[in-house]
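Trainee: Attaching a single structure in structure tokens format; questions to follow.
The values are calculated or read from the model by the stated rules, or taken from the named source; none is laboratory data. The model shown is predicted, which means the values in this text are computed figures rather than measured ones. Here Cβ is always computed from backbone atoms with ideal geometry, including for glycine, and neighbour counts include all displayed protein chains.
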Amino acid sequence: MTTIEVERCLWLEIPNILKYTFLLHFIVSIIFGFVFFLIPEMYSDAVGWPFIDPTATRGLGSAFIGFAITSLFGYRTTSWEEVKIVVIGEIVFTLFGLLTMVWMMVVHTTIPVLAGWLYALIFAVFFVLFLYSYFTAK
């Protein structure tokens, strides 16, 4: 690769779909993040979630808030190289979130069906969007 080709690869613009994915992900993650962080017991009672560990739920909320902030910065960025590692992290996070929710829905019949499959759907949508964006921008 020539120097010009390397510079071109480093500064490729990110696809519009990734911009909108980052924005949507920021909104969804910041909402769930603050709910899980601030009111885990109240939220679990409201949706009928059978397991509650406030410390673990707050930790999950912190992770969601962290990913929300990286998505906000990703939305504001203009080059692929600046967000590539974030996109890879999101692909891994959403894939394992999806696998976890499907596994929990199959193994634990006490989980509320609507909430469980809704979470699985949210993870699946973001997994597909981030994965598609990764291969589009690459």
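Trainee: Where in region 19-138 are the helices (runs of 4 or more DSSP H), entirely inside, with at least 3 residues that are surrounded by fewer than 17 Cβ atoms within 10 Å (Cβ to Cβ) and either on the phi > 0 side of the Ramachandran plot or under 16 Å from the mean Cα position of the chain (by Cα) (or both)?
Mentor: On the way: elements: 40-47, 54-76, 80-107, 113-137.
Of the helices (runs of 4 or more DSSP H) lying wholly inside region 19-138, those with at least 3 residues that are surrounded by fewer than 17 Cβ atoms within 10 Å (Cβ to Cβ) and either on the phi > 0 side of the Ramachandran plot or under 16 Å from the mean Cα position of the chain (by Cα) (or both) span 54-76, 80-107, 113-137.
Trainee: Could you list all residues from region 50-72 that are farther than 17 Å from Ile122 by Cα, modelled with pLDDT under 95 and of a type in the set (A, V, I, L, M, F, W, C)?
Mentor: Once the filter is applied, which keeps residues that are farther than 17 Å from Ile122 by Cα, modelled with pLDDT under 95 and of a type in the set (A, V, I, L, M, F, W, C), region 50-72 yields Phe51, Ile52, Ala56.
Trainee: Quick one: in region 2-18, of everything that is in a loop (DSSP other than H, G, I, E, B) and among the hydrophobic types (A, V, I, L, M, F, W, C), which residue is modelled with the lowest pLDDT?
Mentor: Trp11
Trainee: Select from region 44-59 the residues that are under 17 Å from Met101 (Cα atoms) and not small (Gly, Ala, Ser) and list them in ascending order.
Mentor: Result: Val47, Trp49, Pro50, Phe51, Ile52, Asp53, Thr57.
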